[in-house]
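The values are calculated or read from the model by the stated rules, or taken from the named source; none is laboratory data. Since the model is a prediction, treat every value here as computed from it, not as a measurement. A quick note on method: Cβ atoms are made from the backbone with ideal geometry, for glycine too, and the neighbour counts reach across all protein chains shown.
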Amino acid sequence: MSERFRGYLGLARQFVKPNGHRLAVIEGNQDCNRDCSYCEVPYHYNPDTELTVGQTQNAIDWLYSRGYRVLSYLGGEPFAPFKTKEGISFTRHTLEVVEHAKRKGMLVNVTTNGDYLSSGRPEQMEELEAVGLDSLTLTLHSYTRAGLRHLIEVGQAAAEHRIIPTIQTIMTRDTSYKIPTIAVRAAKNGVLFRTGIVQTQGDGFSRKQNARVIPGVELQNYVFDFLRRLKRYGFVINNMNYLRHAPEHYPNSWICDPDQDPFVKIGAGGKVNVCSGVETGMQIGDFMTFDDDEWRDRKRRGVAGCKGCMFHCYYEAEHPDVFGDIPLAIVSLAIRSGRHALVKRWGQKASERVIRAMPGFYWGFESILPT
């Protein structure tokens, strides 16, 4: 059994443990080159309060010692050429963070808009492969053929360097109808897909806006029905629990369990928060374990005042579906093993089968996305 396979098996065991500490989110330098209609992150950017490389590495050590083995590293834009308060680029900061987390033995994903990545610059993926990055999430903001094509090309370049690529979209009332086409186009090119319902509470990763932007229950069921079928072939990251049950919480009213800690978020200045919307006022070093009474009390009070959300990463961490993710695990391991060409052929067959099984759900790439 390879060392990589043993590592992933250990992560699976962690996910099935009752109240397992499954997902740690670190929000890095928050500055971004984009101004998306649903995201407040750049407006929270203060370079003086951002974590240095050393402080971020200490946060990783702290998370690892408390049982977290999966790290999601976010910006801002982690690959922007902007400078941190230490005078290095966001890219260099990101590479240092990933390398440290991998040395600890964590599974690491970085989320990027892909604007500063190019399939024509192989040295970028070579650097990411060298530091051990497991997966790269590419967020789609330009709903055009050119915008999608760019991310697919970057995703394929990542896969050729044994990095699992995912294209992610935010599902609004206006973009919902495009999602089946985008998911199929990704799968046909050996790239995975994920979506999340737009959030409207105005808490960092979401802007306060009219709830009419949230797709209705019927529309959510329409999209998730398609994705559940593609999921069975291993090309959708969202777990089955989210795809089945998210519409039941319309309009984004899910409340997490304050007595469990499957996920935690480290924000600017080393703040230890429940999520993007529920802050605790505590920082790394303020408590030793998540059994600490003060942590539990602050989390309970924070969650009690929460209006609810439907952030897919948090919901899925609290509601894992290891068996439903077996096809995804097989596809992901194939990419990590250097078999992207095989994955691409499988994605083409899978897409054709899903389209044949669901006539009317898929209109075709050309008719959905403008040039």
### Message
Would you confirm, using the coordinates I've provided, whether residue 94 is surrounded by 15 or more Cβ atoms within 10 Å (Cβ to Cβ), under 21 Å from the mean Cα position of the chain (by Cα) and of a type in the set (Val, Ile, Thr)?
### Response
yes
### Message
The conditions are (1) among the hydroxyl-bearing types (Ser, Thr, Tyr); (2) in contact with a Ser or Thr (Cβ under 9 Å, 6 or more places away or on another chain); (3) free of Cβ contacts under 8 Å to residues at least 12 places away in the same chain, and residue 142 fails exactly one of them. Which is it?
### Response
(2)
#### Entry: Only listed residue being of a type in the set (Gly, Ala, Ser), touching a strand residue (DSSP E or B) at 6+ places or on another chain (Cβ under 8 Å) and not in a helix (DSSP H, G or I), chosen from 276, 332
276
## Note on the structure
Counting only residues that are in contact (Cβ under 8 Å) with a residue 40 or more places away in the chain, surrounded by 16 or more Cβ atoms within 10 Å (Cβ to Cβ) and not aliphatic (A, V, I, L, M), segment 45-65 contains a total of 6
### Query
When segment 314-327 is examined, which residues are found to be surrounded by 21 or more Cβ atoms within 10 Å (Cβ to Cβ) and part of a helix (DSSP H, G or I)?
314, 315, 316, 317
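From the set of residues in segment 205-219 that are in contact with a Lys or Arg (Cβ under 9 Å, 6 or more places away or on another chain) and of a type outside the set (D, E, K, R), which is nearest to residue 346 (Cα to Cα)?
Of segment 205-219, the ones in contact with a Lys or Arg (Cβ under 9 Å, 6 or more places away or on another chain) are 212-216, 219.
From what is left, the residues that are of a type outside the set (D, E, K, R) are 213-216, 219.
On the way: 213: 35, 214: 33, 215: 31, 216: 32, 219: 28 Å.
It comes out as 219.
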### Of all residues in segment 291-311 being in contact (Cβ under 8 Å) with a residue 24 or more places away in the chain and in a helix (DSSP H, G or I), the one that is nearest to residue 256 (Cα to Cα)
303
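Name the single residue, out of those in segment 194-217 being basic (Lys, Arg) and in a loop (DSSP other than H, G, I, E, B), that is surrounded by the fewest Cβ atoms within 10 Å (Cβ to Cβ). Full working, then the answer.
Residues of segment 194-217 basic (Lys, Arg): 194, 207-208, 212.
After this cut, where a residue has to be in a loop (DSSP other than H, G, I, E, B) as well, the list is 207-208.
Details: 207: 19, 208: 10.
Out of the qualifying residues, it is 208.
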### Message
Would you confirm, using the coordinates I've provided, whether residue 234 is touching a Leu at 6+ places or on another chain (Cβ under 8 Å) and not acidic (Asp, Glu)?
### Response
yes
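Among 130, 146, 80, which is the only one that is modelled with pLDDT under 95, of a type in the set (A, V, I, L, M, F, W, C) and more than 30 Å from residue 289 (Cα to Cα)?
Working: 130 fails: modelled with pLDDT under 95; 80 fails: modelled with pLDDT under 95.
So the residue among 130, 146, 80 that is modelled with pLDDT under 95, of a type in the set (A, V, I, L, M, F, W, C) and more than 30 Å from residue 289 (Cα to Cα) is 146.
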### Query
Restricting the search to segment 113-130, which residues are surrounded by fewer than 14 Cβ atoms within 10 Å (Cβ to Cβ) and part of a loop (DSSP other than H, G, I, E, B)?
120, 121
### Query
Scanning segment 228-262 for residues that are assigned to a loop (DSSP other than H, G, I, E, B) and aliphatic (A, V, I, L, M), which turns out surrounded by the most Cβ atoms within 10 Å (Cβ to Cβ)?
237
### Query
Of the residues that sit in segment 131-166 and are over 18 Å from the mean Cα position of the chain (by Cα) and of a type in the set (Val, Ile, Thr), which one is surrounded by the most Cβ atoms within 10 Å (Cβ to Cβ)?
131
### Query
at pLDDT 95 or above, part of a helix (DSSP H, G or I) and of a type in the set (Val, Ile, Thr), is that true of residue 110?
no
